[in-house]
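The values are calculated or read from the model by the stated rules, or taken from the named source; none is laboratory data. As the structure is a prediction and not an experimental result, all values here were calculated from the model. Glycine also receives a Cβ, built like all others from the backbone with ideal geometry; neighbour counts cover every protein chain displayed. Keep in mind that these areas ignore ligands, DNA and RNA; they rest on the heavy atoms of the full protein, side chains included. Shrake-Rupley method; radii C 1.70, N 1.55, O 1.52, S 1.80 Å.
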Amino acid sequence: MTQQFFTVLTNAGAAALANASVLGQGISLTEFAVGDGGGDTFNPDAQTMKGFSALTNELYRGAINELIVDPENPARYYAEGIVPLAIGGWTVREAGWFLDNGTLFAITKYPPSYKSIPADGVATELPVRTYIATGSTDAVELKIDPTVVLATRAYVSNSISALTKADVGLPNVPNYGATSLYDAAATDKLATQKAVHDAHQELKSRVDDLEIYALSGI
């Protein structure tokens, strides 16, 4: 059965990959974008999408968050971008993956997904994920600017949760069955105001220091 949703290299992307392989150079994927495909009639086939040089109707562009070699298939990459919480109010039907020179490297026909915003009464981030088959991973790398990469709310929450369970060196803060430092502070005056403040500052500092890494050139 023909796949309804898929990701393909564009003609320009395939040419860039072939040229990089011949010259022994690398190419860098840096950005992703999403669009609504121009409406609910968006239904191009794979061959048509290979000829695209831009999305049909781009609505948001941002830095790629993650690009890693698929451990089960070293001839393809797992790629991820995140549409932020406050961006949206439209349905995502297409996604593009761009080289650092602006070339549309690969394009995704995406399952229609409404991107809600706070004004809708409920809002979430939208992780856009796909596999990009390159035939080889020798020439592909990801350059990440940590000042523009987004961490999901879940990632930050999980990181804070992990840190609260770690020893952050608080002086004389007993734990009477509390599950976290915040629980200890909130349940029964087990920590002084200064201790809570110090804990919060320590956790914030550690979260701020978290870095996102991606495997490249493997």
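Here are the numbers:
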| read-out | value |
| --- | --- |
| Residue under evaluation A119, criteria (1) open to solvent by less than 40 Å² (accessible area, probe 1.4 Å); (2) of a type in the set (G, A, S); (3) farther than 17 Å from G13 by Cβ, criterion not met | (1) |
| Residue under evaluation S113, criteria (1) under 14 Å from the mean Cα position of the chain (by Cα); (2) modelled with pLDDT of 95 or more, criterion not met | (1) |
| Test for V69: is it aliphatic (A, V, I, L, M) and closer than 18 Å to K109 by Cα | no |
| Residues of the range 92-108 classified as open to solvent by 10 Å² or more (accessible area, probe 1.4 Å), in contact with a Lys or Arg (Cβ under 7 Å, 6 or more places away or on another chain) and not in a loop (DSSP other than H, G, I, E, B), total | 0 |
| Strands (runs of 3 or more DSSP E) contained in the range 1-82 and holding at least 3 residues over 12 Å from F98 (Cβ atoms) and under 20 Å from the mean Cα position of the chain (by Cα) | 6-9, 66-70 |
| Flag for Y77 being surrounded by 18 or more Cβ atoms within 10 Å (Cβ to Cβ), among the aromatic types (F, W, Y) and modelled with pLDDT of 95 or more | no |
| Check on L29, out of contact with any Ser or Thr (no Cβ under 9 Å at 6 or more places or on another chain), under 20 Å from F6 (Cβ atoms) and crowded, with 21+ Cβ neighbours inside 10 Å | yes |
| Extreme residue, modelled with the lowest pLDDT, among residues of the range 127-136 that are crowded, with 18+ Cβ neighbours inside 10 Å and touching a Leu at 6+ places or on another chain (Cβ under 9 Å) | T134 |
| Count of residues meeting criterion [closer than 14 Å to A106 by Cβ and either in contact with a Leu (Cβ under 9 Å, 6 or more places away or on another chain) or open to solvent by 70 Å² or more (accessible area, probe 1.4 Å) (or both)] in the range 32-46 | 2 |
| Total residues in the range 70-79, condition touching a residue at least 60 places away in the same chain (Cβ under 8 Å) and of a type in the set (G, A, S) | 1 |
| Qualifying residue in the range 47-69 (condition: closer than 17 Å to A14 by Cα, free of Cβ contacts under 8 Å to residues at least 40 places away in the same chain and surrounded by fewer than 21 Cβ atoms within 10 Å (Cβ to Cβ)) | yes |
